[in-house]
Amino acid sequence: MISTDTHRAIDAVWRIESARIIAGLTRIVRDVGIAEELAQDALVAALEQWPDSGIPDNPGAWLMSTAKHRAIDHWRRNKLLERKHEELGRELEMQQERSVPDLDAAIDDTVGDDLLRLVFISCHPVLAPEARVALTLRLLGGLTTDEIARAFLVPEPTVAQRIVRAKRSLSEARVPFEIPRKSELAARLASVLEVIYLVFNDAYSATAGDDWMRPALCAEALRLGRILAELTPQEPEVHGLVALMEIQASRSAARVSPTGEPILLLDQDRARWDHLLIRRGLAALERAAKLTRNPGPYAVQAAIAACHARANTAESTDWPRIVNLYAELAKLMPSPIVELNRAVAVAMASGPAAGLELIDALISEPSLKSYHLLPSVRGDFLFKLGRLAEAEQEFARASTLTRNARERDLLTARARLCTQS
């Protein structure tokens with residue numbers, strides 16, 4: 001039986017390395033579904049061998065090497081089948097010989113960016129928009145269907161079906177493993193931006209697990225955003241997204257205590273914010289502003305983040321401007337989540353009673369029924385208004401809805417505080 005520590009270590013390695021492995025395998029087998037299966041084979045091998053042999057010094061390289069050998073075996077099996085059925089496989093064989101003359105060199109190739117290619121494959125127009133996002137979160141972020149479902153606020157079976165159908169559609173369409181040409185880039189850019197930010201956002205505030213953040217995945221999403229900005233320098237929303245991620249990432253060190261407990265924005269030590277990332281974020285926001293007079297959703301969200309970044313203290317934050325920016329954002333992308341965030345800003349600008357009025361209007365919203373931040377925010381407003389018994393109930397309910405262990409502990413502690421005050 002696998003020890004808990006070993007299992008956690010394997011899970012952590014898989015979270016970090018799976019996307020790179022799948023991307024490298026996709027270049028060989030030209031099928032994301034098969035690539036994911038081969039990567040899963042390597043994971044199974046780790047689960048079987050590491051408990052006895054110990055975790056390798058370089059576990060990511062071990063997984064890649066194991067997956068590479070399975071890819072080679074797969075390729076060779078296909079070659080044998082092609083020889084037996086030459087009339088059916090001649091065209092595929094010629095393509096493989098042209099594109100993968102040396103399998104070892106192909107899997108270790110560092111030219112280009114396989115992860116970015118993988119994002120564009122997952123966001124191909126042959127797929128429905130929701131399938132593009134779900135598949136990329138699965139392949140790029142290594143997220144489970146349950147975690148993706150919570151990010152989308154939809155049932156888990158729905159996400160599972162989207163992923164299966166998406167992989168089948170990509171295989172049937174023989175989607176090439178490449179970054180699209182300039183003429184096709186704009187049509188697929190919005191979906192790619194959404195995917196990158198959802199990966200970043202889930203890593204920044206993990207929906208499930210024992211950790212409040214997944215720093216490696218945050219860094220990967222930010223890296224992909226920076227690469228995309230280099231590829232599309234005239235796209236303001238790309239710079240807006242990069243600005244948003246840079247500024248949010250700047251708070252990472254201040255968001256977690258030395259023992260791993262989450263620290264909320266208003267309680268953070270702003271001296272621990274990364275001012276290099278803030279400067280990079282503000283510069284990206286300025287580039288976005290120069291490219292358009294009508295900022296898109298990511299640029300508006302980046303402007304909100306910039307209000308926090310420019311304030312030396314929580315009290316000096318320009319909350320009225322944030323309220324106006326959320327109103328602008330609500331026009332661009334109306335959603336209950338935006339309204340929830342606007343309620344928080346209104347409460348900071350005009351008092352908790354004003355925020356509570358907006359929150360109460362969202363209680364009947366179906367998509368927020370199981371969203372833990374709704375009772376969490378409502379509990380905070382009630383606590384500030386001195387309605388402690390009601391606040392305790394809201395925090396307790398929020399703690400049962402979150403799947404993140406650190407966040408559950410925080411909400412439980414806040415509920416307990418209500419009974420002690």
inquiry  = Can you pull out every residue in the stretch 184-211 that is surrounded by fewer than 21 Cβ atoms within 10 Å (Cβ to Cβ), modelled with pLDDT under 80 and closer than 27 Å to R408 by Cα?
reply    = S205, T207, A208, G209, D210, D211
ask   = Name the residues in the stretch 309-346 that are of a type in the set (V, I, T) and in contact (Cβ under 8 Å) with a residue 40 or more places away in the chain, would you?
value = T313
inquiry  = Condition check: of a type in the set (G, A, S), in contact with a Leu (Cβ under 9 Å, 6 or more places away or on another chain) and at pLDDT below 85. Does A42 satisfy that?
reply    = no
request  = Taking E407 as the residue in question, decide whether it is in a helix (DSSP H, G or I), open to solvent by less than 40 Å² (accessible area, probe 1.4 Å) and in contact with a strand residue (DSSP E or B) (Cβ under 9 Å, 6 or more places away or on another chain).
outcome  = yes
task = Among residues belonging to the stretch 23-67 that are part of a loop (DSSP other than H, G, I, E, B) and touching a residue at least 40 places away in the same chain (Cβ under 8 Å), point out the one that is farthest from H7 (Cα to Cα).
result = R30
Whichever residue in the stretch 384-399 is hydrophobic (A, V, I, L, M, F, W, C) and open to solvent by 60 Å² or more (accessible area, probe 1.4 Å) and, among such residues, is farthest from Q420 (Cα to Cα) = L385
task = Could you tell me whether L417 is under 28 Å from T144 (Cα atoms), open to solvent by 30 Å² or more (accessible area, probe 1.4 Å), free of Cβ contacts under 8 Å to residues at least 60 places away in the same chain and out of contact with any helix residue (DSSP H, G or I) (no Cβ under 6 Å at 6 or more places or on another chain)?
result = no
ask   = Pairs, please: C-beta under 7 Å, at least 6 apart or cross-chain, first residue farther than 22 Å from K384 by Cα and in the stretch 394-407, second open to solvent by 10 Å² or more (accessible area, probe 1.4 Å) and of a type in the set (V, I, T)?
value = R403/T207; N404/T207
query = Would a scan of the stretch 227-250 turn up a residue that is open to solvent by 20 Å² or more (accessible area, probe 1.4 Å), more than 25 Å from L115 (Cα to Cα) and in a helix (DSSP H, G or I)?
reply = no
message = Can you say whether E286 is out of contact with any helix residue (DSSP H, G or I) (no Cβ under 7 Å at 6 or more places or on another chain), closer than 26 Å to M348 by Cβ and outside any helix (DSSP H, G or I), as far as the supplied structure shows?
response = no
message = Just checking, does the stretch 254-277 include any residue being among the hydroxyl-bearing types (S, T, Y) and open to solvent by less than 20 Å² (accessible area, probe 1.4 Å)?
response = no
key: Unique match (being in contact with a Pro (Cβ under 7 Å, 6 or more places away or on another chain) and either over 27 Å from N404 (Cβ atoms) or among the hydrophobic types (A, V, I, L, M, F, W, C) (or both)) among A343, A349   = A349
request  = Please indicate, with yes or no, whether at least one residue in the stretch 148-164 is modelled with pLDDT of 65 or more, of a type in the set (A, V, I, L, M) and assigned to a loop (DSSP other than H, G, I, E, B).
outcome  = yes
message = Can you pull out every residue in the stretch 292-320 that is surrounded by fewer than 17 Cβ atoms within 10 Å (Cβ to Cβ), farther than 30 Å from S257 by Cβ and not hydroxyl-bearing (S, T, Y)?
response = R293, N294, P320
ask   = Residues of the stretch 253-262 being free of Cβ contacts under 8 Å to residues at least 24 places away in the same chain and closer than 22 Å to L222 by Cα, which ones?
value = A253, A254
inquiry  = Which residue is farthest from the chain's Cα centre (by Cα), if the candidates are limited to the stretch 278-291 and must be open to solvent by 40 Å² or more (accessible area, probe 1.4 Å) and of a type outside the set (A, V, I, L, M)?
reply    = K290
remark   = Residue hits (the stretch 338-372; closer than 16 Å to V154 by Cα and open to solvent by 50 Å² or more (accessible area, probe 1.4 Å)) are E365, P366, K369, S370
query = Residues of the stretch 299-322 being closer than 13 Å to S250 by Cα and not hydrophobic (A, V, I, L, M, F, W, C), which ones?
reply = H308, R310
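The values are calculated or read from the model by the stated rules, or taken from the named source; none is laboratory data. Computed from a predicted model, the values in this text were never measured in an experiment. Please note: Cβ atoms are built from the backbone with ideal geometry, for glycine as well, and neighbour counts cover all protein chains shown. When the accessible area is computed, the model is the full protein with side chains, heavy atoms only, and any ligands, DNA or RNA have been set aside. Shrake-Rupley method; radii C 1.70, N 1.55, O 1.52, S 1.80 Å.
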